[in-house]
Amino acid sequence: MERQESRERKSQYWSEGELSKREEWPEVGELVVTTVNRIIQYGAYVRLDEYGKEGLLHISEISSSWVKNIRDHVREGQKVVLKVLRVDPERKHVDLSLRRVTKRERTEKTLSWKRSKKVESLLRGASKKMGIQPEEVYEKAGVLIEKGFGDIYDGLEKAAREGADALLELGVPADVATVLAEIAKEKIKIPMVKIRGTLNLTCTRPDGVLVIKNALLSAQKIERPHGAEISISVVAAPRYRIEVLAHNYKEAEALLKQAGEVALDSINEGGGQGSFTRG
């Protein structure tokens, strides 16, 4: 098991490099990213990108329905996610299937593949900038990041948002953490989500306008994670829109709820009244 995990980690991030010695074979049932090399009468020969080996996609495993023209389903040079059916290392033969791969499996595997290629690029960029081998970057930082986050990409994404401190707290050496954070900020586009809610605020006191203004400002100034944003605009008095931009929906929902509650507490303390609705 330890040997297998080590193989998966290293081959994932150095699929084209020296860390992957091309001595390993995929396991039956495994999803693999392949490149179609050539199409023949009874199927297609593909290259297993993560293993550097050739496999066969037989025509009977292309689709659940009758295949009249193989090129209607795959073409030379195309990247295809396939499922491993049989592996024979002695004959150096791998049988693969397209029809047994679900849409969800294809999407998840493709995303994982793209993330691993991005990680590989980032670690290689750091090695080049520091003048050391990629393997050294992986051993000094990759192993620790993977242990801390479960996935190196997630750790580098956090470093892109929060800087080197996100890596330093894992024990990554300062020089490596600094370089990786700089490269991550440059290369990783942080995904953001936007949600909104509506405040209804009224106050009949002489200073009611100021009370409402303070309520809105208090909502906008709540403490929030680095990179998250809260904006408030007038829809048509007494309705005000709160928009939250955050890194994920869980974070966004929490911020929106907090902002609404703070605004309502403030308006109530000022002698006014209000309500908050999501959306």
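The values are calculated or read from the model by the stated rules, or taken from the named source; none is laboratory data. Since this is a predicted model, take the numbers as computed values, not measurements. Positions of Cβ are generated from backbone atoms using ideal geometry, with glycine treated the same way; all protein chains shown enter the neighbour counts.
Listed values, structure above:
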{"item": "Identity of the residue in segment 233-262, hydrophobic (A, V, I, L, M, F, W, C) and free of Cβ contacts under 8 Å to residues at least 24 places away in the same chain, that ends up nearest to Thr204 (Cα to Cα)", "result": "Ala237"}
{"item": "Answer from Glu135, Glu90, Glu120, Glu76 - the residue that is acidic (Asp, Glu) and within 16 Å of the chain's Cα centre (by Cα)", "result": "Glu120"}
{"item": "Failed criterion for Gly171 (all others in (1) modelled with pLDDT of 95 or more; (2) surrounded by 20 or more Cβ atoms within 10 Å (Cβ to Cβ) hold)", "result": "(2)"}
{"item": "Unique match (being β-branched (Val, Ile, Thr), surrounded by fewer than 16 Cβ atoms within 10 Å (Cβ to Cβ) and in contact with a Phe, Trp or Tyr (Cβ under 9 Å, 6 or more places away or on another chain)) among Val193, Val235", "result": "Val193"}
{"item": "In segment 79-102, the residues that are part of a loop (DSSP other than H, G, I, E, B) and charged (D, E, K, R)", "result": "Glu90, Arg91, Lys92, Arg99, Arg100"}
{"item": "Subset of segment 125-147 (residues that are surrounded by fewer than 18 Cβ atoms within 10 Å (Cβ to Cβ) and in a helix (DSSP H, G or I))", "result": "Lys128, Lys129, Met130, Glu135, Glu136, Glu139, Val143, Lys147"}
{"item": "Residue list for segment 183-221, filter: free of Cβ contacts under 8 Å to residues at least 24 places away in the same chain and within 40 Å of the chain's Cα centre (by Cα)", "result": "Glu186, Lys189, Lys213, Leu217, Lys221"}
{"item": "Which numbered condition Gly131 misses (of (1) free of Cβ contacts under 8 Å to residues at least 12 places away in the same chain; (2) small (Gly, Ala, Ser); (3) in contact with a Phe, Trp or Tyr (Cβ under 9 Å, 6 or more places away or on another chain))", "result": "(3)"}
{"item": "Hits in segment 150-164 - residues which are in a helix (DSSP H, G or I), modelled with pLDDT of 90 or more and over 13 Å from the mean Cα position of the chain (by Cα)", "result": "Ala159"}
{"item": "Arg115 vs. criteria modelled with pLDDT of 95 or more and out of contact with any Lys or Arg (no Cβ under 7 Å at 6 or more places or on another chain)", "result": "no"}
{"item": "Where a residue in segment 164-179 is in the same structural domain as Phe149 (by TED's automatic domain parsing) and its partner, wherever it lies, is in a helix (DSSP H, G or I) and of a type in the set (Asp, Glu), with Cβ under 9 Å and at least six apart", "result": "Ala164/Glu182; Val176/Glu136; Ala177/Asp165"}
{"item": "Breaking point among (1) in contact with a strand residue (DSSP E or B) (Cβ under 8 Å, 6 or more places away or on another chain); (2) within 30 Å of His247 (Cα to Cα); (3) outside any helix (DSSP H, G or I); (4) not aliphatic (A, V, I, L, M), for Lys109", "result": "(3)"}
{"item": "Single match in Lys83, Lys79, Lys114, Lys118 (criterion: without any contact (Cβ under 8 Å) to a residue 12 or more places away in the chain and not β-branched (Val, Ile, Thr))", "result": "Lys114"}
{"item": "Answer residue from segment 72-93, given it is at pLDDT below 95 and among the basic types (Lys, Arg) and is farthest from Arg104 (Cα to Cα) among those", "result": "Arg91"}
{"item": "Any chance Glu76 is more than 21 Å from Ile39 (Cβ to Cβ) and either outside the structural domain of Glu27 (by TED's automatic domain parsing) or not in a helix (DSSP H, G or I) (or both)", "result": "no"}
